[in-house]
Amino acid sequence: MDDAFMAALADGGFQIGELAKHYYPGGTDITALDYDEFLRQTNTLLKQENVIIYEAVIQVGLFFIRRDILVKTGNTIKLIEVKSKSYNKDTDSFFGTKVLILKEWRPYLEVVAFQVHVLRKAMPNCIITPHLMMTDKTVTVQTDGLNQKFKLVRSANNRRGVEVANTLTSADLKRKILITVPVDEAVGIILKDTDSISGVARTFTELYANDTRAPVHIGVHCDKCQFKFSRRKVLSIRESLSPSSLQVRSQCQPDNLVKPLAEQWIGRVEIYHRWQHW
């Protein structure tokens with residue numbers, strides 16, 4: 001096994017995303033920097049009967065999604081969300097005995113569920129089949145130095161990406177180390193819960209349309225969030241909110257307060273930030 005490559009896959013999504021494209025060859029990679037151009041290129045490609053699109057962009061009203069891989073065959077769309085998470089088809093399951101969807105899988109599945117929700121609105125006459133694509137725990141890498149053929153780079157405008165070496169061969173890709181897992185059942189369960197996806201999306205849309213600050217519930221749980229703010233910023237935020245909305249516990253110190261969503265603190269919630277940047 002090429003441990004270096006497997007470790008790289010676990011650490012980030014850039015290499016695994018680029019590798020995934022090679023398992024669905026012949027597609028068009030949309031690399032525009034402007035969102036309007038993203039939409040224009042995607043809509044043009046979707047007019048084809050059969051097409052594979054990498055980084056497809058779909059927008060319905062304020063709902064905006066950007067997909068890793070989209071495979072259109074007639075009126076059927078295979079939606080593939082690539083994640084740097086491992087999966088064993090023999091032992092792993094999305095479902096639990098006490099809960100319908102296991103906690104560790106729910107964030108990934110909610111992302112896909114929202115994508116399906118938007119795609120169904122954008123293309124109501126199409127059949128959407130959602131999938132997660134992850135590293136396969138049961139497969140070993142047989143190509144030495146495979147990680148060196150997917151080099152992490154930065155462009156002139158400082159955007160991260162992957163440069164694929166011209167030494168990558170079909171033999172390197174013959175033994176697939178990524179597995180495509182259907183998630184129709186799990187997504188169906190989530191979409192049936194109106195409070196889970198459509199309800200939250202509707203709430204965020206109303207907040208954004210009305211330019212209204214989202215309610216913030218600050219507590220000790222915020223300490224686990226990756227988004228940290230300075231003491232001065234936190235105190236200024238607290239002064240702008242009503243006491244009832246803060247719900248600050250006595251053991252929650254200002255230095256540990258954080259923002260749970262990217263746009264809440266500046267008073268706007270862009271719908272795709274919640275689901276695209278989980």
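The values are calculated or read from the model by the stated rules, or taken from the named source; none is laboratory data. Just so it is clear, the structure is predicted and the values come from calculations on it, not from any experiment. Glycine gets a Cβ as well: all are built from the backbone with ideal geometry, and neighbour counts include every protein chain shown.
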Suppose we keep only residues that are assigned to a strand (DSSP E or B) and closer than 18 Å to TYR23 by Cα within the stretch 127-148. Which one would you say is farthest from the chain's Cα centre (by Cα)?
ASP136
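Can we say VAL99 is crowded, with 18+ Cβ neighbours inside 10 Å and either at pLDDT below 95 or over 18 Å from ILE197 (Cα atoms) (or both)? Quick ask: steps written out before the conclusion?
On the way: crowded, with 18+ Cβ neighbours inside 10 Å: no; either at pLDDT below 95 or over 18 Å from ILE197 (Cα atoms) (or both): yes.
It is false that VAL99 is crowded, with 18+ Cβ neighbours inside 10 Å and either at pLDDT below 95 or over 18 Å from ILE197 (Cα atoms) (or both).
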Note on the stretch 78-104: residues in contact (Cβ under 8 Å) with a residue 12 or more places away in the chain and more than 16 Å from ILE179 (Cα to Cα) are PHE95, LEU100, ILE101
Breaking point among (1) free of Cβ contacts under 8 Å to residues at least 40 places away in the same chain; (2) on the phi > 0 side of the Ramachandran plot; (3) of a type outside the set (A, V, I, L, M, F, W, C), for GLY61
(1)
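Could you say which residue among PHE38, PHE14 is in contact with a Phe, Trp or Tyr (Cβ under 9 Å, 6 or more places away or on another chain), crowded, with 17+ Cβ neighbours inside 10 Å and over 18 Å from THR180 (Cβ atoms)?
On the way: PHE38 fails: in contact with a Phe, Trp or Tyr (Cβ under 9 Å, 6 or more places away or on another chain).
Within the list PHE38, PHE14, the selection yields PHE14.
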Restricting the first residue to the stretch 6-23 and requiring it to be under 15 Å from TYR87 (Cα atoms), which pairs with a second residue that is at pLDDT below 55 meet a Cβ separation below 6 Å and a spacing of at least six or different chains?
ILE16/LEU9
Of the listed residues (LYS89, LYS151), the one being more than 20 Å from the chain's Cα centre (by Cα) and either modelled with pLDDT under 90 or surrounded by 16 or more Cβ atoms within 10 Å (Cβ to Cβ) (or both) is LYS151
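When you go through LEU178, LEU207, LEU191 one by one, which is the residue that is within 22 Å of GLY13 (Cβ to Cβ) and not polar (S, T, N, Q)?
Details: LEU207 fails: within 22 Å of GLY13 (Cβ to Cβ); LEU191 fails: within 22 Å of GLY13 (Cβ to Cβ).
Unique residue meeting the criteria: LEU178.
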